[in-house]
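The values are calculated or read from the model by the stated rules, or taken from the named source; none is laboratory data. Just so we're clear, the structure is a prediction, and the values are computed from it rather than from any experiment. For neighbour counting, all protein chains shown are included, and Cβ atoms are generated from backbone atoms with ideal geometry for every residue, glycine included. Quick note on the areas: whole protein, heavy atoms, side chains included, nothing else; ligands and nucleic acids left out. Shrake-Rupley method; radii C 1.70, N 1.55, O 1.52, S 1.80 Å.
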Amino acid sequence: YGKRDVKMDIYSLQGKLLCSAVINAAKGRVEIDLSTFANGMYLIRVTAEGLPDVTKRVVVNSNR
């Protein structure tokens with residue numbers, strides 16, 4: 001995403017926003033702890049001004 005700030009949102013499969021983070025272009029990365037999320041599938045949506053949105057699936061399986 002080059003020198004753009006990026007917004008990352010995590011949604012349930014029902015479309016409920018669960019978590020949001022802004023990744024500053026200067027910092028370049030952010031870590032989000034998913035250990036509090038229940039096992040299952042979630043959607044991560046990444047947006048940046050002037051670029052297409054990207055949505056990916058992530059599976060949380062803590063095997064506790």
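Overview of values
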| read-out | value |
| --- | --- |
| Residue 63-residue 13 pseudo-label distance in nm [points 7 Å out on the Cα-to-Cβ vector] | 2.1 |
| Rg over Rh [alpha-carbon atoms, Kirkwood Rh] for the chain | 1.00 |
| Lysines whose Cα lies under 17 Å from that of residue 16, excluding same-chain neighbours fewer than 8 positions away | 7, 56 |
| Partners for residue 3 among lysines (Cα-Cα distance below 19 Å; same-chain residues under 8 apart left out) | 27 |
| Solvent-accessible area per residue for the chain (1.4 angstrom probe, square angstrom) | 76 |
